[in-house]
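Since the structure comes first, as structure tokens, the remarks are kept for the end.
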Amino acid sequence: MIRTFTAADMDTVLSIWLTASLKAHDFIASDFWQSQVENMRSLYLPVSDVHVYEDHGAVKGFYALYENQLAAIFVTPEAQGQGIGKALLNHAKMQHKMLSLNVYQRNQASYQFYLSQGFQVTAESTDEHTGEAEWQMAFCAS
């Protein structure tokens, strides 16, 4: 079930975000991700439209939209590969006909996932926080 995020979900969502970020972005020092937890809690999540994927009472993933920007989509590593990310992304696509996102070029698994879900590369840039090359990608419903 996908539902709207509540304050009671905060610690679980932050744990999913950190664990999945460390796994997906092992080319970035783990202390960077640790240093961003409080920003996620107090800055990014509160201004985003956040939805969680819940299965038998356990939150297993989430996405965060900021306007039409898919700012985050993460699934707990133990539940990856079970269609949760696709379900979350499809739900986000129902919220906005056009979505954009940034993905690190070195994160090939996520890049390939977004390509398979209809996103296309629109530009290249460098993440100001990490110095990593990233692609800007966009999806437009037909």
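The values are calculated or read from the model by the stated rules, or taken from the named source; none is laboratory data. Fair warning: this is a prediction, and the values are worked out from it, not measured in the lab. Heads up, the Cβs are rebuilt from the backbone with ideal geometry, glycines too, and the neighbour counts pull from every protein chain shown. For the accessible areas, the whole protein counts, side chains as well, though only heavy atoms, and no ligand, DNA or RNA atoms are used. Shrake-Rupley method; radii C 1.70, N 1.55, O 1.52, S 1.80 Å.
What would the Debye formula give as log10 I(q)/I(0) at q = 0.17 Å⁻¹ for the alpha-carbon point model of region 6-49, no solvent?
-0.46
Per DSSP helix of 4 or more residues, -39500 (n - 2.57); summed, then divided by the residues of the chain. What does that give at 222 nm, rounded to the nearest 500? Provide the component values of the computation, followed by the final result.
Numbers: 4 runs with 46 residues, N = 142.
So the calculated ellipticity at 222 nm is -10000 deg cm²/dmol.
For a quick check of your reading of the filter: which GluC sites (Glu not before Pro) in region 46-99 sit in a DSSP loop and have no more than 15 other Cβ atoms within 10 Å?
Numbers: sites: E54, E67, E78; in loops: E67.
Of the GluC sites (Glu not before Pro), the ones in loops of region 46-99 whose Cβ has at most 15 other Cβ atoms within 10 Å are E67.
By Kyte-Doolittle mean hydropathy of at least -1.0 and Cα axial length of at least 18 Å, which whole DSSP H helices of the chain are selected?
Once both thresholds are applied, what remains is 10-24.
How compact and how long is region 88-142, expressed as Rg and Dmax of its alpha-carbon atoms in Å?
11.5, 34
Below 8 Å, C-alpha to C-alpha, sequence gap of six or more: please give me the relative contact order for the chain in percent.
Computed value for the chain: 20 percent relative contact order.
Per residue, what accessible area does the chain have, given a 1.4 Å probe and all protein chains present, in Å²?
On the way: 7630 Å² over 142 residues.
Spelled out: the 1.4 Å probe surface of the chain, per residue, equals 54 Å².
If you wrap region 17-80's Cα atoms in a convex hull and average its projection over all directions, what's the area in nm²?
It is 4.7 nm².
Taking the Cα atoms of region 34-142 alone, what are Rg (to one decimal) and Dmax (as a whole number) in Å?
13.8, 40
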